[in-house]
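What follows is one structure encoded as structure tokens, with my remarks underneath.
The numbers here are math on the coordinates, done by the rules we state, and not lab data. The shown structure was predicted, so the numbers you read here are calculated from the model rather than taken from an experiment. Please note: Cβ atoms are built from the backbone with ideal geometry, for glycine as well, and neighbour counts cover all protein chains shown.
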Amino acid sequence: MTNSSVKRILFYLVLIGIFSFSNQFGFRDYAFAQNSKIDSLFMKLKDEDTKNYQEIEEKIWSEWRKSGSTKSDLLLRRGMDAMSRGDFIASVEHLSAAIDYTPNFAEAWNMRATVFFLMKKYNLSVSDIQQTLKLNPRHFGALSGLGMIFERSGKPKQALEVYKKLLEVHPRSRNAIQSVNRLIKDLEGTSL
């Protein structure tokens, strides 16, 4: 056996160990919200011939809510339910538990960012948005939230840039289209 063959075998053994460890603790590809099904949905979302893009958008959200862990999915649902009832403290607790259990679950980070936004804790929201986008750079919900925070913080130029990035990911986002048009109009006469 050559030295390179031994290195290759060791490399594969290390990979098998990593995948075994990650599957045991619920860290699967779902947690990164990146898979061929989502890629296909994003292609349809960008296709101008797609009639009902809202259905495609909802399918993407549905995929993003799958962590690969029954426990984390339940914690996400509990956090979302608590948020909808206005019980933000309980929501943060459930979502934090989901993050602790499955740290690569982008949607748990995004939902907690949303709750922090509703609580007007913008710094905490931005921190969770950054983590969401690190795990899922195409997360149009997180980008939208970041744009809104920049606007509320009196940073229209930064908001405009975020909304433009959002349109690269989701060119049919009504919120982003309206926000870009409004911000460009508001910023006319100032240097962008």
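Quick notes on this structure:
- Label-point gap, in nm, between Asp87 and Leu74 - each point 7 angstrom along Cα→Cβ: 1.6 nm
- Sparse-neighbour loop sites [GluC sites (Glu not before Pro); the range 98-192; at most 13 other C-beta within 10 Å; DSSP]: Glu188
- Listed by chain and number, the lysines whose alpha-carbon sits under 21 Å from that of Lys51, ignoring those within fewer than 8 places in the same chain, are Lys37, Lys59.
- Taking other Cβ atoms within 10 Å as a rough exposure proxy, Arg85, Arg172 sort from fewest to most as Arg85, Arg172.
- As a rough footprinting exposure proxy, the listed residues Leu143, Leu95 were ranked by other beta carbons within 10 Å of their own, and the order from fewest upward is Leu143, Leu95.
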